[in-house]
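Worksheet: one structure, shown below.
Please treat every number below as a calculation from the coordinates, not as lab data. What you see is a predicted model; the values in this text were computed from it and never measured. Note: ideal-geometry Cβ built from the backbone for every residue, glycine included; neighbour counts use all protein chains shown.
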Amino acid sequence: MNPTTIELLRDAAEWRLISLLFECPSDEWHAQLAELSAEVTDPALKAAAEAAREEATPALYHTTFGPGGPAAPREVSHRSNVLPGQLLGELGALYQAFAYKPTSPEAPDHVAVEAGFIAYLCLKQAYAHERNDADQAAIATDAARRLIADHLRPLAEPLAKSLATSGILYLSQTASALLERIRLAAVQSSKLSDSVKSP
């Protein structure tokens, strides 16, 4: 396996762990959490997973993200300039184009579903790299960049701010890890854009 593939598989595991941490806990959730946290090396995500083992419950999830809770996990809550139906339609079409079927029962614009899609795209990129299919890798890479810039970025910062004061350690740590990945993606995208512009 080439180094790019290994890095993409690591990225997929980290994005999937972020997605999982933003889902409602269940018995299966706890088993997946243990498996995924063993696969990641990021200390912040490992700490979030460890805190989740102690804190996470369905009741806490619903009081945090439900009506009147301190945090809004859906993109539509942070995008007053976009029609909800249009936003959901755009995401649905994007997911369908890549045959992405979320395992989470949440809405398409929920942070868990969007982060899960990035994990899925990382796996598609890894598969394309292993097959030496540069075109398919580029398509998946571009879709991930667009989803991060157009959908996750407007959601991540307000979500991280609200969770920072929630008193819920694992969700606050997860939101910070998400925000850090979005910032890194913006830097990488800017470097790529600069390299394309330079002669």
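The table below gives the values:
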{"read-out": "Residues of segment 141-161 that turn out to be small (Gly, Ala, Ser) and surrounded by fewer than 18 Cβ atoms within 10 Å (Cβ to Cβ), as a count", "value": "1"}
{"read-out": "Of residues in segment 22-71 being among the aliphatic types (A, V, I, L, M) and outside any helix (DSSP H, G or I), the one farthest from Leu169 (Cα to Cα)", "value": "Val40"}
{"read-out": "Residues of segment 66-88 satisfying the condition of being out of contact with any Leu (no Cβ under 9 Å at 6 or more places or on another chain) and surrounded by 12 or more Cβ atoms within 10 Å (Cβ to Cβ)", "value": "Gly69, Val82, Pro84, Leu87, Leu88"}
{"read-out": "Members of segment 1-33 found to be of a type in the set (Phe, Trp, Tyr), out of contact with any strand residue (DSSP E or B) (no Cβ under 9 Å at 6 or more places or on another chain) and farther than 22 Å from Ala126 by Cβ, listed by number", "value": "Trp29"}
{"read-out": "Of all residues making up segment 33-65, the number that are surrounded by 17 or more Cβ atoms within 10 Å (Cβ to Cβ) and β-branched (Val, Ile, Thr)", "value": "2"}
{"read-out": "Selection within segment 146-174 - touching a Leu at 6+ places or on another chain (Cβ under 6 Å) and touching a residue at least 40 places away in the same chain (Cβ under 8 Å)", "value": "Ala156, Leu163, Leu171, Thr174"}
{"read-out": "Residue tally, condition touching a residue at least 12 places away in the same chain (Cβ under 8 Å) and not aliphatic (A, V, I, L, M), over segment 85-104", "value": "7"}
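Table: residues versus (1) aliphatic (A, V, I, L, M); (2) in contact (Cβ under 8 Å) with a residue 60 or more places away in the chain; (3) touching an Asp or Glu at 6+ places or on another chain (Cβ under 9 Å).
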site: Leu17; (1), (2), (3): yes, no, yes
site: Ala34; (1), (2), (3): yes, no, no
site: Ala44; (1), (2), (3): yes, yes, yes
site: Pro58; (1), (2), (3): no, no, no
site: Thr64; (1), (2), (3): no, yes, no
site: Val76; (1), (2), (3): yes, no, yes
site: Ser80; (1), (2), (3): no, no, no
